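Below is one structure; the comments refer to it alone.
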Amino acid sequence: MGEVHVEITLKNGADIVLASNGHIAEQNIRYATVTAVVDTGAMSLVIGDELRNKLGLAIVESRTVSLAGGSKAYCNVAEPVQICWKNRISVIRPWVLPDEKEILLGVIPLEEMDVMVDPVNNTLVGIHGDEIIGRLK
């Protein structure tokens, strides 16, 4: 299986709430359309400071995380973003690695969007076809 890249749109979660309450115009929601690497070894969404600043996201906490190969790194966690891929969305607090240029899309948002990697075509597909189904346990 090769590397899977997908185009996603990230939106500032606080801006979405402000727009839905009429405090800002919808066109003032900060967003960025980016290409992300689908990383089934990553848990969350990983972005760099440059993208965090473009989206206007504040840092809400800092933590130590495990990276590929077992090494540890100190990273920040930002305010929530809405991830949009086709007709699916996920809301998550992204991990922010200061100099990271690559955006990683991990398993938690993939699960929430009810998608999986199609290793034959190197793309994302709906686990249940085009129908979005959540799981209750």
DSSP loop GluC sites (Glu not before Pro) with at most 14 other Cβ within 10 Å excluded, longest remaining stretch of the chain: 4-101
Residue of ILE83, ILE47, ILE16 that the Gaussian network model of the chain assigns the largest fluctuation, springs spanning Cα pairs under 10 Å: ILE16
Amide H within-cut-off set for GLU102, under 5 Å, with H built and near neighbours excluded: none
Gap separating the Cα centres of the stretch 85-108 and the stretch 6-71, nearest whole Å: 6
Residues of the stretch 5-131: accessible area per residue with a 1.4 Å probe, Å²: 54
Shape of the stretch 41-120, Cα gyration tensor, a/c cut at 1.5: oblate
Portion, in percent, of the accessible area of the chain that falls on carbon or sulfur, probe 1.4 Å: 51
Under 9 Å, Cβ to Cβ, from GLU100 - net charge with Lys/Arg +1 and Asp/Glu -1: -3
Mean ellipticity per residue at 222 nm, deg cm²/dmol - from DSSP H runs of n ≥ 4 across the chain, formula -39500 (n - 2.57): -4000 deg cm²/dmol
Simple Cβ-charge dipole of the stretch 58-102, Lys/Arg +1 and Asp/Glu -1, about Cα centre, in debye nearest 20: 200
Under 28 Å, Cα to Cα: Lys pairs in the stretch 22-137, sequence gap 8 or more or different chains: 6
With DNA, RNA and ligands ignored, accessible area of LYS11 (1.4 Å probe; Å², nearest 10): 70
Percentage relative contact order, the stretch 13-137, counting C-alpha pairs under 8 Å, at least six apart: 26
Beta bridges by DSSP in the chain, antiparallel share as percent, to the nearest 5: 85
Options (i) 42, 36, 34; (ii) 57, 29, 25; (iii) 44, 38, 31 - which one matches Cα extents along the principal axes in Å as calculated here: (iii)
Computed E for GLU26/SER71 - FRET, C-beta separation, R0 25 angstrom, nearest 0.05: 0.05
Point-charge dipole on Cβ atoms (K/R +1, D/E -1) for the chain, about Cα centre, debye to 20: 300
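The values are calculated or read from the model by the stated rules, or taken from the named source; none is laboratory data. Owing to the predicted nature of the structure, the values given are computational and were not obtained by experimental measurement. Positions of Cβ are backbone-derived with ideal geometry, glycine not excepted, and every protein chain shown enters the neighbour counts. Note: accessible area is taken over every heavy atom of the protein model, side chains too, but ligands, DNA and RNA are not part of it. Shrake-Rupley method; radii C 1.70, N 1.55, O 1.52, S 1.80 Å.
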